[in-house]
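Student: There's a structure below that I have some questions on.
The values are calculated or read from the model by the stated rules, or taken from the named source; none is laboratory data. As the structure is a computational prediction, the values presented were derived from the model and not from experiment. Glycine also receives a Cβ, built like all others from the backbone with ideal geometry; neighbour counts cover every protein chain displayed.
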Amino acid sequence: MSDSENLPKLGVNSKGPRGELPFYGRRKGRPLRPQMQTLFDESLPQIQVPQDIDTLDGLFEDAPKDVFLEIGFGGGEHLASIAEAAPEAGFIGAEPFVNGVASLLRHIEERAIGNIRIWPDDVRLILDRMPENCLAGAYIMFPDPWPKKRHAGRRILQQSMRDRLARLIRPGGHLRMASDHPIAKTWLLAEAMADDRFEWLAQSAKDWQQRPEGWPETRYMAKGVDEGRASSWFDFIRK
Ligand SMILES: C[S@@+](CC[C@H](N)C(=O)[O-])C[C@H]1O[C@@H](n2cnc3c(N)ncnc32)[C@H](O)[C@@H]1O
């Protein structure tokens, strides 16, 4: 079976849910090597989030008290690390880029990580069915910046996304974001700060200028460092 056959049907170039813009990112890169293709075909179905998810009961083996979501996990380095560091919690990762999903599957296999479930498509397709207050936190790490004004509607933290996250993250839960792009980071911060359902936890510049403990590197962060860009880290709490 090819990897595209394994993707949920709804996502591909469809309009986004609620008439929103479609997903504009890449879905495929280089063809998967045979070993990765096997992982994709055989391992993904065992840990794939069902599209009609309306409860988290039964999604994880040990019914974890805390479930976290990572939106756009890229190669999965960050998600694999946070999941490995908190085996008692559950983690849902969403990423439509096939090669990124395969990369996370490799991390999961090599490191025997048992507490990650994957939605291999646009995250917006599952969020509306998930139960209220079901998340202890969400991560949006180095989202696509879409710096041009005319592309601003493609940025991930739209009002509709904030509404979804405000419904899903329980009071006291976190919304954690990072970016190294000057326009994207300013926008992310401004959007989240303007939303009175979330409160920024920073007390001093070091809280957003330095990578907080327990926030592992991501591939895009490393790229930014190599190219001389400073990252910013934003930790918000759901009021
Ligand atoms: C710039 S990359 C960053 C990847 C990773 N977080 C990192 O820091 O290395 C942004 C990622 O977000 C994903 N993405 C964009 N829109 C998304 C959506 N609606 N649902 C899920 N993932 C999305 C893209 O496919 C891409 O892999």
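Student: Is one or more of the residues making up the range 122-129 within 16 Å of the ligand (Cβ to nearest atom) and surrounded by fewer than 17 Cβ atoms within 10 Å (Cβ to Cβ)?
Tutor: Applying the first criterion (within 16 Å of the ligand (Cβ to nearest atom)) to the range 122-129 yields 122-129.
Now narrow it down to the ones that are surrounded by fewer than 17 Cβ atoms within 10 Å (Cβ to Cβ): 128-129.
Yes, because at least one residue in the range 122-129 is within 16 Å of the ligand (Cβ to nearest atom) and surrounded by fewer than 17 Cβ atoms within 10 Å (Cβ to Cβ).
Student: I'd like to know if the range 79-88 contains one or more residues that are in contact with a strand residue (DSSP E or B) (Cβ under 7 Å, 6 or more places away or on another chain), assigned to a loop (DSSP other than H, G, I, E, B) and within 11 Å of the ligand (Cβ to nearest atom).
Tutor: no
Student: Which condition does residue 230 not pass, out of (1) hydrophobic (A, V, I, L, M, F, W, C); (2) free of Cβ contacts under 8 Å to residues at least 40 places away in the same chain; (3) within 16 Å of the ligand (Cβ to nearest atom); (4) surrounded by fewer than 16 Cβ atoms within 10 Å (Cβ to Cβ), if it passes all the others?
Tutor: Looking at each condition in turn, residue 230 falls short on (2).
Student: Moving on. Under 23 Å from residue 239 (Cβ atoms) and surrounded by fewer than 21 Cβ atoms within 10 Å (Cβ to Cβ): which single residue out of 62, 41, 54, 66 fits that description?
Tutor: 66
Student: Checking the condition of a type in the set (Asp, Glu), surrounded by 20 or more Cβ atoms within 10 Å (Cβ to Cβ), at pLDDT 95 or above and under 22 Å from residue 216 (Cα atoms), which residue from 95, 84 passes?
Tutor: Details: 84 fails: surrounded by 20 or more Cβ atoms within 10 Å (Cβ to Cβ).
Every option except 95 fails the conditions.
Student: Condition (residue is touching a residue at least 60 places away in the same chain (Cβ under 8 Å), closer than 21 Å to residue 231 by Cβ and touching a Pro at 6+ places or on another chain (Cβ under 8 Å)) applied to the range 130-147: is it met by at least one residue?
Tutor: There is no residue in the range 130-147 that is touching a residue at least 60 places away in the same chain (Cβ under 8 Å), closer than 21 Å to residue 231 by Cβ and touching a Pro at 6+ places or on another chain (Cβ under 8 Å).
Student: Only one of these is away from the ligand (no atom under 14 Å from the Cβ) and either under 25 Å from residue 19 (Cα atoms) or hydrophobic (A, V, I, L, M, F, W, C) (or both): 177, 161, 193, 141. Name it. Before you say what the answer is, go through the steps one by one.
Tutor: Working: 177 fails: away from the ligand (no atom under 14 Å from the Cβ); 161 fails: away from the ligand (no atom under 14 Å from the Cβ); 141 fails: away from the ligand (no atom under 14 Å from the Cβ).
After applying the criteria, what remains is 193.
Student: Between 33, 111, 18, 26, which is on the phi > 0 side of the Ramachandran plot and not small (Gly, Ala, Ser)?
Tutor: Numbers: 33 fails: on the phi > 0 side of the Ramachandran plot; 111 fails: on the phi > 0 side of the Ramachandran plot; 26 fails: on the phi > 0 side of the Ramachandran plot.
Only one candidate passes the filter, namely 18.
Student: Given the residues 100, 114, which is the only one that is modelled with pLDDT of 95 or more, outside any helix (DSSP H, G or I) and either more than 15 Å from the ligand (Cβ to nearest atom) or crowded, with 19+ Cβ neighbours inside 10 Å (or both)? Before you say what the answer is, go through the steps one by one.
Tutor: On the way: 100 fails: outside any helix (DSSP H, G or I).
None of the other options fit; the residue is 114.
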